[in-house]
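Remarks on the structure that follows.
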Amino acid sequence: MPGFELFGEEERKEVNEVLSSGILMRYGFDGPRKGIWKAKDLEEALCKQLNCHYAQLTSSGTSALTVALAALGIGAGDEVIMPSFTFVASFEAVLSVGAIPVIVDVNDSLTIDPQAIKKAITPATRCIMPVHMCGSMADLDAIQTICREHKLLMLEDACQSIGASYKGKFLGTIGDAGALSFDFVKTVTCAEGGAVLTNDKAIYTRCDGYSDHGHDHQGMDRGAEMHPFPGNNFRISELHAAVGLAQIRKLNTFLAIQKKSHQYLMETLSRIPGVSLRVIPDPEGDSHTFLSWFLPSVELTQAVVAEMKSKNILAGNFYWYEHNWHYIRKWDHLKQVETLNRLTDAQAGALKKLQVQDFSRSDAVMSRCISTAISLSWTEEQLYEKASGIAAAIRKVLPTASPQTHYSHQANLA
Ligand SMILES: *Cc1c(COP(=O)(O)O)cnc(C)c1O
């Protein structure tokens, strides 16, 4: 991760085919395009690769989430339960359809805590949105049980976890719908793009229409097509789809490279007393885009981050607790409702409550977590160097800790 690290001739060839046809749009122009349909081909490739009935490409992962929410019929006043650790896109999509993001704790899987979901369910709850962060998965059995019991929809945000699976099924294909992202830093990238996955034909048909102004895509004349409902423009272009097509064919290669490097890094770090690893509900299904590891306390974690910074080895390592974009702690714009356009009273009221909501359980996990991104382009030497550099930084900090701080969050250790 990310897939651009291994761009090559394959991407250029696909893009050049589109450029030489001259048709950059995914719909229409059936004659002039000379049989070149990159978006359609990519949708087919996604279905095949991820063992899923339907895929609808979109312009981004954020628009994939938005399209999926609309297709699931989620709108004004509906509550969507999502985790405190995710990318801002998750709540942006929920707000954009008029719904209310209900944000709850994560546990040491770095994904939504099923117990926290249960406590957050109200009569307005319509959907649960697990976010499969950093290449690995939420506890989907537990979440599915809750969905069944309370008749709720499940929308998986699998934007960071293409190719990862849970008990033999690919992430994004298990809920009522799932979203993927192909933005520039994702495992499969086409600069900007996304997809909704679903096994439900009716949901797919709504995604197909909604992402293209409501077009029903019947017949050969776009102007004469019908609009059963209003939509939006979340289309992908043929140029982007062309890059995505070359990239999806490399996914298995990406996953194999990541797995190997991940294994070595994991063995190196897990040998250090005091280091523990993220809980993974189905370890077999990890996509190994990151190794996420914990230290015993926030103080020690901050000290290791400082040590890595001073040794110039922090690049590619993420201390999400202090990150502006991925964790509730820094989402003041959301909590203060600093939106450009007026939200509904119900939305604004719910967001303001986030200012006083207790996220100490999430803090106890996130404040001790560092995620190391697994590069696709590392040589073996670079991998050894990265692993030993991180290990040295940890070893330098850990022995100096007083026993009290050292074990202050032991209960949360994996
Ligand atoms: C990247 C990402 C998105 C949004 O995808 P874009 O393609 O950048 O719009 C949504 N959710 C998560 C968890 C992501 O990492």
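Points to keep in mind about this one:
- Residue count for the range 60-106, restricted to those that are within 13 Å of the ligand (Cβ to nearest atom) and either in a helix (DSSP H, G or I) or under 20 Å from H213 (Cβ atoms) (or both): 17
- Leading residue by the ranking (farthest from N51 (Cα to Cα)) among those in the range 146-165 that are out of contact with any strand residue (DSSP E or B) (no Cβ under 6 Å at 6 or more places or on another chain), in contact (Cβ under 8 Å) with a residue 12 or more places away in the chain and away from the ligand (no atom under 16 Å from the Cβ): H150
- Residues of the range 209-255 that turn out to be in a loop (DSSP other than H, G, I, E, B) and at pLDDT 95 or above, as a count: 21
- One residue stands out among those in the range 277-312 that are assigned to a helix (DSSP H, G or I) and of a type in the set (D, E): the one that is nearest to V397 (Cα to Cα), which is E307.
- Yes/no for A116 being closer than 21 Å to G349 by Cα, modelled with pLDDT of 95 or more, over 19 Å from the mean Cα position of the chain (by Cα) and surrounded by 17 or more Cβ atoms within 10 Å (Cβ to Cβ): yes
- Scan of the range 313-345 for residues that are of a type in the set (F, W, Y) and either buried (at least 16 other Cβ atoms within 10 Å of the Cβ) or in contact with a strand residue (DSSP E or B) (Cβ under 6 Å, 6 or more places away or on another chain) (or both), ordered by number: F318, Y319, W320, Y321, Y327, W331
- Of all the residues in the range 82-94, those that are in contact (Cβ under 8 Å) with a residue 60 or more places away in the chain, of a type in the set (V, I, T) and within 20 Å of K118 (Cβ to Cβ) number 1.
The values are calculated or read from the model by the stated rules, or taken from the named source; none is laboratory data. Only a predicted model underlies this, so the values are computations on that prediction, with no experimental measurement involved. Neighbour counts are summed over all protein chains in view; Cβ atoms, including those assigned to glycine, are modelled from backbone coordinates with ideal geometry.
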